[in-house]
Amino acid sequence: MDNNLSILVVDDELSVRDSLSNWFIEDGYTVDTAEDAKIALKKIEAFHFHIVLIDIKLPGMDGLELNRRIKAINEDMVVIIMTAFASVDSAVQALKDGAYDYVCKPFDPDAVTHIIRNASQSIQLSHENLSLQDRIQSLVNVEDIIGESEGILNVLEQVRVVAETDSTVIINGDSGTGKELIAKAIHMNSSRRFFPMVTVHCGAIAENLMESELFGHERGAFTGAQYARKGKFEMADGATLFLDEISTISMKMQIEILRVLETKQFTRVGGNREFKSDFRVICATNRDLTTMVKNGEFREDLYYRLNVFAITIPPLRERVEDIKLLSEHFVKLYADQMNKGTRHIGKRAAKALRNYAFPGNVRELENLIERAIVIGNGDTVQLKDLPFEQNIDKPTWESIQDMEHHHIENILKKYDWNISHAAKALGVDRVTLYSKIKKYKIEKAK
Amino acid sequence: MSVIKIIPLQFSAVEELEKMLSIISRRFKMETRLSAHPFDMNPYFDPVRSQYNANEIIQKLVAVAGEENKIVGITELDLFIPVLSYIFGQAYLGGSAALVSGHRLHNSRYGLAEDPILYSERLLKCLIHELGHAFGLKHCLKPGCVMVSTTYVEEMDQKSDKFCQTCQAELATLTV
């Protein structure tokens, strides 16, 4: 058993020091001993011990005082107090002063094994916690979002500005432009980053389930509600609530949400108790909410409540210069994931990508590259690895909308109108595909 | 040539030990023999704890071991070290002496019917475990390995009297 932990045993009795150090050495720990507090403090200043076992009765400075001194030097050091004369007062005092545990000598072999194992687990958890916090901090760095076009740089500057505040943010952008990534970047760069970003995909939740999803429900609130359940507002306490596709929620829910946004208070479905939740709202939409407000499809008061700070992500076709960077990023990402040696994009393939309109935006580009890595060989993505070889060199359609219309129609035919498969191939979600079918009045051939 | 010597110290079931010699010899690839030694255990008795001080006994054993040999004292008396309430055995890592007690290995001590075979198995595991320490092996985490640390007899019954591959390989380097 090899342990990286080091233990200092502080006891004035040589037999105790010898017995314990021998016991710990057999377990693979690095062990040192000290016969009094003065020597112990010298050793602690010179070397980092993870765990210190201290006898409460020591010549000169006693164990309780030594514990206090150690905590002043290093708060994280695990101190275990040992005593031959159990006293509740001294035990309580030691624990109040930050000791990890308190044991009475002589103790069972099992007790000491358990205490040391628990202490080492606690040290390990504390290290893991620190390393996870570091990883969270570097998870979505604004600098890591790819793009050098004016459009995306403008978005990133807005993210930097708004992240530090607690303002409500609305992110506009076509499907696949990376609205959720921008929301994550705002969350991860805000003071709420150590709490989760609670996401609600409004378009994917049935109308009758939305209320329970957002507000939670009490036991017995409706048939099948066997247990009380927290809603997303409650889960987002201290955190960020991301409402994706906010435009899809019903007028009734809009009223409910407006009320919660204003008061930050709500009741669970079937309950009377008022809950308070401190959340920051970020929402996203691919539809123009001002038009929806004009058409009476979206409440004006909710719109103004949400539209405190608006960020608009330009579609990929308006930032062609980012296609190269994004393509290279996805090539590296998927080649690494699939253990392939692909590293470059061929000239013809790069040209084809540059000329393509990308109705599905970055998500579509990502899917194209992933597919190209799957089917391609060698170290370069070739034009033949991309699915639009014939269409790229000779564009058939006049407008982008025409192109999108026919592309969707072709994909639907290809997948025999299986919406899930077609949506996956297009790199959009099912709700978006349905709205496009409606928009372009595409019908299944009889 | 160095040998492993097993010295009974107030231990009556010597015939059980004779059966174990060949197994211990195979495990350590070293000649193992029973050796009688006049040894008075009374000075190591602690009247307050009604137990025998293992640390002091081991120090005495070290003196009789000689530089090249490994010596294991085996007793029916209850052992302690100052900071622990009891021990099954004791050895210093890489030292020349070890000590094992059968006192707490009997089923009858835990209110169960006596099982002489189980007792012998536990005794053998203890002997090999403490000798392993004396040769320089630390505790092992591999389930079943004789070097797994055990503080209850139930745990001891879970492991075998054999070394895992890692401990076996390490032992080979330590016994060169």
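The values are calculated or read from the model by the stated rules, or taken from the named source; none is laboratory data. Values in this document were obtained by computation on a predicted structure and should not be read as measured data. Here the Cβ is made from the backbone with ideal geometry for all residues, glycine too, and neighbour counts use every protein chain on show.
Has segment A:239-259 got any residue that is part of a loop (DSSP other than H, G, I, E, B) and out of contact with any helix residue (DSSP H, G or I) (no Cβ under 7 Å at 6 or more places or on another chain)? Give the derivation first.
If we filter segment A:239-259 for residues that are part of a loop (DSSP other than H, G, I, E, B), which is where we start, we get A:239, A:245, A:249-250.
Checking which are out of contact with any helix residue (DSSP H, G or I) (no Cβ under 7 Å at 6 or more places or on another chain) leaves us with A:239.
The answer is yes; a qualifying residue exists.
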Considering B:THR173, B:THR166, which residue is of a type in the set (Ser, Thr, Tyr), without any contact (Cβ under 8 Å) to a residue 40 or more places away in the chain, more than 13 Å from chain A (Cβ to nearest Cβ) and in a helix (DSSP H, G or I)?
-> B:THR173
A careful count of residues in segment B:117-145 that are within 14 Å of another protein chain (Cβ to nearest Cβ), free of Cβ contacts under 8 Å to residues at least 60 places away in the same chain and within 27 Å of B:SER12 (Cα to Cα) gives 5
Hey, any hits in segment A:315-326 for a residue that's surrounded by fewer than 17 Cβ atoms within 10 Å (Cβ to Cβ) and more than 29 Å from A:ASN286 (Cα to Cα)?
-> no
Any idea how many residues of segment B:136-150 are over 17 Å from B:LEU171 (Cα atoms) and either part of a strand (DSSP E or B) or more than 14 Å from the chain's Cα centre (by Cα) (or both)?
-> 1
If B:LEU112 passes every condition in (1) in a loop (DSSP other than H, G, I, E, B); (2) under 13 Å from the mean Cα position of the chain (by Cα) but one, which one does it miss?
-> (2)
Where B:VAL100 falls short, out of the listed (1) farther than 23 Å from B:ARG27 by Cβ; (2) more than 10 Å from chain A (Cβ to nearest Cβ) | (1)
Can you pull out the residues in segment A:110-125 that are surrounded by fewer than 18 Cβ atoms within 10 Å (Cβ to Cβ) and more than 16 Å from B:GLU155 (Cβ to Cβ)?
-> A:ASN118, A:GLN121, A:SER122, A:GLN124, A:LEU125
Meets criteria (within 23 Å of the chain's Cα centre (by Cα), of a type in the set (A, V, I, L, M), within 24 Å of A:ILE152 (Cα to Cα) and surrounded by fewer than 18 Cβ atoms within 10 Å (Cβ to Cβ)) for A:ALA284 = no
Residue under evaluation A:ASN377, criteria (1) under 36 Å from the mean Cα position of the chain (by Cα); (2) at pLDDT below 85; (3) surrounded by 13 or more Cβ atoms within 10 Å (Cβ to Cβ), criterion not met = (3)
Exactly one of A:PHE298, A:PHE279 is more than 19 Å from A:ASP166 (Cβ to Cβ), surrounded by 20 or more Cβ atoms within 10 Å (Cβ to Cβ) and in contact with a Leu (Cβ under 8 Å, 6 or more places away or on another chain), and that residue is A:PHE298
Across segment B:149-167, what is the total count of residues that are closer than 18 Å to B:PHE28 by Cβ and touching a helix residue (DSSP H, G or I) at 6+ places or on another chain (Cβ under 9 Å)?
-> 6
Subset of segment B:63-92 [more than 13 Å from the chain's Cα centre (by Cα), within 13 Å of chain A (Cβ to nearest Cβ), of a type in the set (A, V, I, L, M, F, W, C) and not in a strand (DSSP E or B)] | B:VAL83
Residues being closer than 16 Å to B:GLY73 by Cα and loosely packed, with under 15 Cβ neighbours inside 10 Å - total across segment B:20-34 = 2
Quick one: what pairs do we get from segment A:149-169, first residue more than 16 Å from A:LEU326 (Cα to Cα), second aromatic (Phe, Trp, Tyr) and surrounded by 14 or more Cβ atoms within 10 Å (Cβ to Cβ), C-beta under 8 Å, 6+ apart or different chains?
-> A:GLN158/A:PHE309; A:VAL162/A:PHE309; A:THR165/A:PHE309; A:SER167/A:PHE309; A:THR168/A:PHE309; A:VAL169/A:PHE309
Given the conditions (1) in contact (Cβ under 8 Å) with a residue 24 or more places away in the chain; (2) within 14 Å of chain B (Cβ to nearest Cβ); (3) of a type in the set (A, V, I, L, M, F, W, C), which single one is not true for A:CYS104?
-> (1)
Members of segment B:17-51 that are closer than 16 Å to B:LYS125 by Cα and touching a Pro at 6+ places or on another chain (Cβ under 8 Å) = B:LEU17
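Of the residues A:ILE80, A:ILE70, only one is modelled with pLDDT of 90 or more, among the β-branched types (Val, Ile, Thr) and under 28 Å from B:PHE88 (Cα atoms); which?
Working: A:ILE70 fails: under 28 Å from B:PHE88 (Cα atoms).
On inspection, the qualifying residue turns out to be A:ILE80.
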Select from segment A:147-164 the residues that are assigned to a helix (DSSP H, G or I) and within 21 Å of the chain's Cα centre (by Cα) and list them in ascending order.
-> A:VAL155, A:LEU156, A:GLN158, A:VAL159, A:ARG160, A:VAL161, A:VAL162, A:ALA163
Given the conditions (1) over 28 Å from the mean Cα position of the chain (by Cα); (2) over 27 Å from A:VAL428 (Cα atoms), which single one is not true for A:THR290?
-> (2)
Name the residues in segment B:67-78 that are touching a Lys or Arg at 6+ places or on another chain (Cβ under 9 Å) and either crowded, with 24+ Cβ neighbours inside 10 Å or not acidic (Asp, Glu) (or both), would you?
-> B:ASN69, B:LYS70, B:ILE71, B:VAL72, B:GLY73
